[in-house]
Amino acid sequence: MKQRTLLLIKPDAVEARHVGEIISIIQHHGFEICQVKVFRFDPDLCSIFYKDHLGKDFYPRLESFMCKGKTWALVLEMDDAVQRLRDLLGDVVPEKRKPGTIRAVFGHGITDNGAHGSDSLQSAEREIGVIFGSYPQ
Ligand code: CMP
């Protein structure tokens with residue numbers, strides 16, 4: 001079944017000029033790009049987007065990393081898009097990343113991991129609303 005999911009290309013990958021390569025991989029794997037937005041997180045938007053992580057020990061590092069530069073957000077569509085994007089991104093934990101996954105190639109640590117993908121259909125709908133404006137903030 002066709003699904004929509006959200007990809008964020010994070011400030012580390014944007015600053016290192018990997019946006020083009022990441023989009024090329026996404027397209028090569030059959031995702032359709034439906035919407036694109038380039039923006040910069042501020043602490044308020046970060047706390048809304050990452051509401052499930054607020055209060056965790058790593059949250060301050062995550063906030064300062066996400067607010068440090070530009071992010072590209074892409075709404076992607078294909079069959080089983082949520083799981084397929086997560087498979088293509090690879091694990092959050094560096095040691096668990098399969099070779100060739102986007103985070104293995106373009107990410108570094110656990111926080112500066114290059115990219116984000118929604119973890120469920122429900123999260124995708126919420127996150128797309130937060131970034132593209134139809135979610136009540
Ligand atoms: P992301 O997929 O954007 O979802 C939450 C983000 O928090 C994650 O990628 C990382 O950038 C960051 N993060 C930092 N430390 C952790 C951790 N211990 N567990 C999960 N996410 C973490």
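Taking the range 2-132 on its own, what percent of its Cα-Cα pair distances exceed 25 Å? Cα-Cα pairs in the range 2-132 separated by more than 25 Å: 16 percent. In this structure the amide hydrogen of residue 108, modeled in the peptide plane, comes within under 5 Å of the amide hydrogens of 113, 114, none closer than 5 places in sequence on its chain. Go ahead and set up a Gaussian network model of the chain, Cα springs under 10 Å, then flag whichever of 127, 95, 21 fluctuates most. Most flexible of the set in this elastic network: 95. I'd like the carbon and sulfur percentage of the solvent accessible area for the chain, probe radius 1.4 Å, heavy atoms only, ligands and nucleic acids excluded. So the carbon and sulfur contribution to the accessible surface is 49 percent. Close amide H partners of residue 35, meaning residues 5 or more places away or on another chain with modelled amide H under 5 Å apart, are 75.
Please give the calculated 222 nm ellipticity per residue for the chain, where each DSSP H segment of at least 4 residues contributes -39500 (n - 2.57) and the sum is spread over every residue; nearest 500 deg cm²/dmol? Walk me through the numbers on the way to the answer.
Working: 7 runs with 56 residues, N = 137.
Counting only the DSSP helices, I get -11000 deg cm²/dmol.
If you stretched the chain out fully between residue 61 and residue 1, how much longer would it get, using 0.36 nm times the residue separation minus the C-alpha to C-alpha distance? Working shown, then result.
Values: separation 60, 0.36 × 60 = 21.60 nm, distance 3.64 nm.
So the chain would gain 18.0 nm between residue 61 and residue 1.
The modelled label-to-label distance between residue 80 and residue 17, using points 7 Å beyond Cα along the C-beta direction, is 3.7 nm. Solvent-accessible surface of the chain, averaged per residue with a 1.4 angstrom probe and all protein chains in place: 54 square angstrom.
The values are calculated or read from the model by the stated rules, or taken from the named source; none is laboratory data. These numbers were taken from a predicted model, which means no experiment stands behind them. For neighbour counting, all protein chains shown are included, and Cβ atoms are generated from backbone atoms with ideal geometry for every residue, glycine included. Note: accessible area is taken over every heavy atom of the protein model, side chains too, but ligands, DNA and RNA are not part of it. Shrake-Rupley method; radii C 1.70, N 1.55, O 1.52, S 1.80 Å.
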